[in-house]
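I have placed the structure first, in the form of structure tokens, so that the comments after it can refer back to it.
The values are calculated or read from the model by the stated rules, or taken from the named source; none is laboratory data. Note that this is a predicted model, so its numbers are computed, not measured. Every residue, glycine among them, receives a Cβ derived from its backbone with ideal geometry; neighbour counts consider all protein chains shown. The accessibility values were calculated without ligands, DNA or RNA, using every heavy atom of the protein model including side chains. Shrake-Rupley method; radii C 1.70, N 1.55, O 1.52, S 1.80 Å.
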Number of protein chains: 2
Amino acid sequence: MGLGVVGGGVASALLQDPSTVTARVGIPVNLRRVLVRDRSRPRDIELPPGMLTANAEDILDDPDIDILIEVMGGSDPAAAYFRRALSSGKHVVSANKEVMAKEGADLMALARANHVSLLFEASVGGGIPIVGCLMNELAANDVYSIRTIINGTTNFILTRMAHQRTAFADALSEAQGLGYAEADPTNDVEGIDAAYKLTVLATLAYGCRFSPDDVFRQGISALEPQDFRYAEEFGYAIKSLAIADQNGEQVQLRVYPALVPFDNMLANVNGVYNAVEVHGSLCGQVLFHGMGAGRGPTTSAVLGDLVETARLVRDSAVPGGPRELSQHLGVRPIDALRTRYYIRLIVADQAGVLAQIARALGDEDISIASVLQKDADAETQSAEIVIMTHPALESSVQQALLTIGRLDPVRRVGNMLRIEE
Amino acid sequence: MGLGVVGGGVASALLQDPSTVTARVGIPVNLRRVLVRDRSRPRDIELPPGMLTANAEDILDDPDIDILIEVMGGSDPAAAYFRRALSSGKHVVSANKEVMAKEGADLMALARANHVSLLFEASVGGGIPIVGCLMNELAANDVYSIRTIINGTTNFILTRMAHQRTAFADALSEAQGLGYAEADPTNDVEGIDAAYKLTVLATLAYGCRFSPDDVFRQGISALEPQDFRYAEEFGYAIKSLAIADQNGEQVQLRVYPALVPFDNMLANVNGVYNAVEVHGSLCGQVLFHGMGAGRGPTTSAVLGDLVETARLVRDSAVPGGPRELSQHLGVRPIDALRTRYYIRLIVADQAGVLAQIARALGDEDISIASVLQKDADAETQSAEIVIMTHPALESSVQQALLTIGRLDPVRRVGNMLRIEE
Ligand SMILES: NC(=O)c1ccc[n+]([C@@H]2O[C@H](COP(=O)([O-])OP(=O)(O)OC[C@H]3O[C@@H](n4cnc5c(N)ncnc54)[C@H](OP(=O)(O)O)[C@@H]3O)[C@@H](O)[C@H]2O)c1
Ligand SMILES: NC(=O)c1ccc[n+]([C@@H]2O[C@H](COP(=O)([O-])OP(=O)(O)OC[C@H]3O[C@@H](n4cnc5c(N)ncnc54)[C@H](OP(=O)(O)O)[C@@H]3O)[C@@H](O)[C@H]2O)c1
């Protein structure tokens, strides 16, 4: 059986020696071609001459390639390659969250129509087998919610900020130094990567088409060390969560840093680890915890998919295929969120400020659960006020914060974070 | 597509209304027959007349039944039913750990030979999708170890004993009152249930035949409340673990109550929850946490398998099948275990006892990491000595305990527990 690989990074080291896969499948699985952009670039793995190619046709048109493995990234030209491969009867294994988030629904339909398999375990959660579980083992559940820590870079940064009280910029540099964050960290830090992954998970969990544009996103760069300190005083960690939950005929998709109570397992997921919590109608709460990225976990996922696919080829079997995306659910706007809020304000250190703030909140039907007055600074004559609200409507909180921001003694709104119980 | 169910318990409530499954599969899935022992017994679900039968032939010989779902329990007559079903081209979904532990290897081979599917997600871990993950998503890993809390009844009892300092007998009665433990609790309390489940997991993880007789077992009934107190003082919880790990060409399989450091996730799995930690060559450590039993989680697993199987039937597809059990690994005896030990002794409250004990340990090359002398009892003039050893060989510890038990001032060996770091 023949393999073609698109992309010379993540998985090709192991694919170069496919004995693991051959052992699991029982018949020889051979790597035929590896597509890269630049054949002359020095590489840390040596491939037989002639195996590297910069010409996609060498893979897409090779009838001896049964399975295309894509570890290239980006939606273009990956999607076009997938379409050609699937249409000509090649199975596809992908690690590409972006293409699956943007075009996954169409690609899955195309795979089904052509009786070939399209698997993409490595696109979300690295070594955590959440994609396959949503497709198969957990498929009988109505999924109430999926709550995840799905970006290792942000979780590393937030863990640093929480444990060492580092500033965001310093934690980011450290992550970059360790190779956990890229030179341009936007995709991770602004939640774009997490939004791609959440889109993939929600599409599978709800059997419905979603797009990354359906995801509300808030990044982590506005967090300051004192947010972690205050959250701790109230008994919470701050974690960047990616959440999908269903409410009637609507699903809400959101990525943001949130306060999570310390006794919740998600609060204790640290460093580059990822976690996924699925709350299903039958299974109850199931939590998965593991390494969300890196060469090993990604290879684990890619090769797991490859073994499964290669067994199909071995047995000339047709994949049973995932669920059809036949559900029609709406996307619930963030304004409709109802939760508790953490609000940090920088105010002039003078009497009566809190009364004005409380009034602005009360006018929007937001009631205060507790307040901390903190860190009066003699020099600037300012202080910090930290408010935890009772459950309130997001749109009301946004409205109240506009009003509060315009109050005379309020210097600025330091941060507003949502609380996930 | 037609279903036959063997056993009127766990999953039949949902099977009675198979709309969930139909929705996931896209074509009608109909329940045709349910086999029970006693048709006249009153049941909490109502089935159309004629659907209940006490005659297995009504299912096994019905050509319109494509999938047999077995939720009956026990290896006899389940194994015989499986053989007949698989041989005549019926797919099988099972929740039965005992039959899969005792005859799973042969049954999987039979399924493969007949190009039909045999899935058994519900046999281990309830709503935790560990069976499918070992077969597929994690299949590319060499599995270094699987460490699990896999019996909810024992975990409930141990959690009670730890948090309320209840005696074993009281915690057991409580579990029985809540329906978590059966009238005869032997299977749970003595680790027999866990040994079945561990056998199933190890067979899949190592691609090798194992039998429940290969599992070393120690139950939890000898634990006393003070064991939990002392373990806590040293920073450990006590959990009943089922562990498989590889060492060269051998796998060791063991079920016993062990000390687990509080900062290990397994130490924080409480009540009826289960957890499975897989340490693989590529994925690193992946942890699964969820409800290991009960109607909902079991139904989640059975229906997940059913959806997967029904998709095969829908597409007239042949299952790719799991890995062949072609590995030949030995079973490592418990005597060869090397770990740290917790030893609690009841001794006469007199000088020089510790020196004698230390000498007996030293003679077997066991060195002491720390000692607590506890609870001198004026009336009986006895005291408790708690010893934590450095890593030592199980056979040496067993030998030393024989010697120590014969020492004059030693009244009895209270407990010996292994430490899992
Ligand atoms: N790294 C991880 O931890 C991780 C984890 C999960 C998923 N993934 C996914 O795996 C994929 C690749 O990640 P990576 O870290 O290996 O990326 P990478 O280091 O940037 O490697 C990309 C590879 O694809 C080749 N390539 C890129 N665009 C191409 C094009 N248009 N035509 C031909 N070849 C092209 C590159 O060729 P050259 O070598 O010639 O530049 C390179 O070999 C992405 O989808 C990523 O999201 C990565
Ligand atoms: N309960 C759980 O939480 C759980 C979790 C995971 C897996 N499981 C597995 O699910 C299976 C069943 O568990 P359960 O709790 O439903 O057991 P159960 O309440 O004892 O039900 C067993 C059912 O099977 C029928 N049955 C038993 N032996 C039979 C025979 N020889 N011929 C025909 N019918 C027979 C019984 O018929 P009658 O109704 O006429 O007595 C009954 O309907 C077991 O393999 C168990 O290990 C259960």
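Dividing the mean sequence gap of close Cα pairs (under 8 Å, 6+ apart) by how many residues chain B holds gives a relative contact order of 16 percent. Label sites at B:Asp76 and A:Asp335, each approximated as a point 7 angstrom past Cα along Cα to Cβ, lie 7.0 nm apart.
Ordering B:His390, B:His328 by accessible surface, largest first, gives B:His328, B:His390; the 1.4 Å probe counts only protein heavy atoms, with every chain in place.
Placing R0 at 45 angstrom, the Cβ-Cβ distance between B:Glu57 and A:Gln250 gives a FRET efficiency of 0.35 after rounding to 0.05.
How high is the FRET efficiency between B:Leu178 and A:Ser281 when r is their beta carbon distance and R₀ equals 22 Å, given to the nearest 0.05?
Values: r = 23 Å, r/R0 = 1.03.
Rounded to the nearest 0.05, the efficiency is 0.45.
Between chains A and B, what is the buried accessible area in Å², counting both sides, with a 1.4 Å probe and ligands, DNA and RNA left out, to the nearest 100? Roughly 4000 Å². Rolling a 1.4 Å probe over the protein heavy atoms gives the protein assembly as shown an accessible area of 38 Å² per residue. Averaged over the residues of peptide A:18-27, the number of Cβ atoms from other protein chains lying within 10 Å of each residue's Cβ is 3. Derived scalar couplings between HN and Hα for region B:168-178 equal 3, 4, 5, 5, 5, 4, 4, 4, 5, x, 7 Hz in order, rounded to whole Hz, by the Karplus curve 6.51 cos²θ - 1.76 cosθ + 1.60 (θ = phi - 60°), x for Gly and Pro. Each of B:Asp377, B:Asp17 has its accessible area taken with a 1.4 Å probe; listed largest first, they run B:Asp17, B:Asp377.
For A:Lys97, the lysines whose Cα falls under 26 Å of its own Cα, not counting residues fewer than eight places away in the same chain, are A:Lys197, A:Lys239.
When a/c reaches 1.5 or more, the comparison of a/b and b/c decides; with that in mind, is region A:287-372 rounded, prolate or oblate per its Cα gyration tensor? Verdict is prolate for region A:287-372.
When only Cα pairs below 8 angstrom with a gap of at least 6 residues are kept, region B:134-291 shows a relative contact order of 35 percent. Label-to-label distance for B:Ser367 and A:Arg37 is 5.6 nm, based on points extended 7 Å past Cα in the beta-carbon direction.
Inter-copy label distances at B:Pro49, shortest first and taken from points set 7 Å along Cα to Cβ: 8.4 nm. Measuring r between the beta carbons of A:Val413 and B:Ser19 and using R0 = 45 Å, the FRET efficiency lands at 0.40. When only alpha carbons are used to place a centre, region B:230-270 and region A:310-374 end up 38 Å from one another. Placing unit charges on each Cβ (+1 for Lys and Arg, -1 for Asp and Glu) gives the protein assembly as shown a dipole about its Cα centre, and among A:Ala101, A:Ile334, A:Val386 the Cα reaching farthest toward its positive end belongs to A:Ala101.
Taken residue by residue and averaged, Cβ atoms of other chains lying within 10 Å of the Cβ of B:288-298 number 4. Residues whose amide H falls under 5 Å from that of A:Val6, counting only those 5 or more places apart or on a different chain, are A:Leu35, A:Ile69, A:Glu70, A:Val71, with hydrogens built in the peptide plane. Could you work out the percent of alpha carbon pairs in the protein assembly as shown separated by over 51 Å, rounded to a whole number? The proportion of pairs with Cα distances above 51 Å equals 22 percent. Of all beta bridges that DSSP places with both ends in chain A, some 70 percent have antiparallel geometry. The mean count of C-beta atoms from other chains within 10 Å of the C-beta of residues in B:117-129, rounded to a whole number, is 3. Projecting 7 Å from Cα along the Cα-to-Cβ direction, the label point of B:Ser19 sits 5.5 nm from its equivalents in the other copies, listed shortest first. Averaging Cα coordinates gives a centre for region A:33-70 and one for region B:137-206; these two points are 49 Å apart. Magnitude of the charge dipole for chain B, about its Cα centre and with charges confined to Cβ atoms of Lys, Arg (+1) and Asp, Glu (-1), is about 460 debye. According to the calculation over all Cα-Cα pairs in chain A, the P(r) per 20 Å bin from zero is 25, 50, 21, 4 %. For B:Ala348, the label point sits 7 Å beyond Cα toward Cβ; its separations from the matching points on the remaining copies run 8.4 nm, from shortest to longest.
Geometric descriptor of region A:29-104, per residue, is 101 Å³ (volume of the convex hull of the Cα atoms). The peptide list A:105-111, B:120-126, put in order of mean Cβ contacts within 10 Å with the highest first, becomes B:120-126, A:105-111.
Overall, region B:1-118 carries a charge dipole of about 160 debye about its Cα centre when +1 sits on the Cβ of Lys and Arg and -1 on the Cβ of Asp and Glu, all other atoms neutral. The residue list A:Ser173, A:Tyr144, A:Pro185 was ranked by how far each Cα lies along the charge dipole of region A:130-214 toward its positive end, using unit charges on Cβ atoms, and A:Tyr144 comes out on top.
Taking the inverse of the mean reciprocal distance over all distinct Cα pairs, the Kirkwood hydrodynamic radius of region B:116-213 comes to 15.0 Å. Going by accessible surface with a 1.4 Å probe and the largest first, B:Ile149, B:Ile368 read B:Ile368, B:Ile149. In chain B, the DSSP-assigned H stretches of four residues or longer account for a calculated mean residue ellipticity at 222 nm of -10000 deg cm²/dmol, using -39500 (n - 2.57) per stretch and the full residue count as denominator.
Taking all protein chains as they are arranged and a probe of 1.4 Å, the heavy atoms of B:Arg24 leave approximately 20 Å² accessible to solvent. In a simple Cβ point-charge model (Lys, Arg +1; Asp, Glu -1; nothing else charged), region B:129-207 has a dipole of about 240 debye relative to its Cα centre.
When only Cα pairs below 8 angstrom with a gap of at least 6 residues are kept, region A:335-419 shows a relative contact order of 49 percent.
On the protein heavy atoms, probe 1.4 angstrom, tell me the percent of accessible surface of chain A carried by carbon and sulfur.
Carbon with sulfur: 47 percent of the solvent-accessible area.
Annotation: amide H-H contacts under 5 Å for B:Ala237 (H modelled 1.01 Å from N, sequence separation of 5 or more, or interchain): B:Val260, B:Phe262.
Taking all protein chains as shown and a probe of 1.4 angstrom, B:Met72 keeps an accessible surface of around 70 Å².
The orientation-averaged shadow of the Cα convex hull for region B:335-419, equal to a quarter of the hull surface, comes to 4.8 nm². Here the spin labels are modelled as points 7 Å beyond Cα on the Cα-Cβ line, and at A:Ser221 and A:Thr380 they lie 2.0 nm apart.
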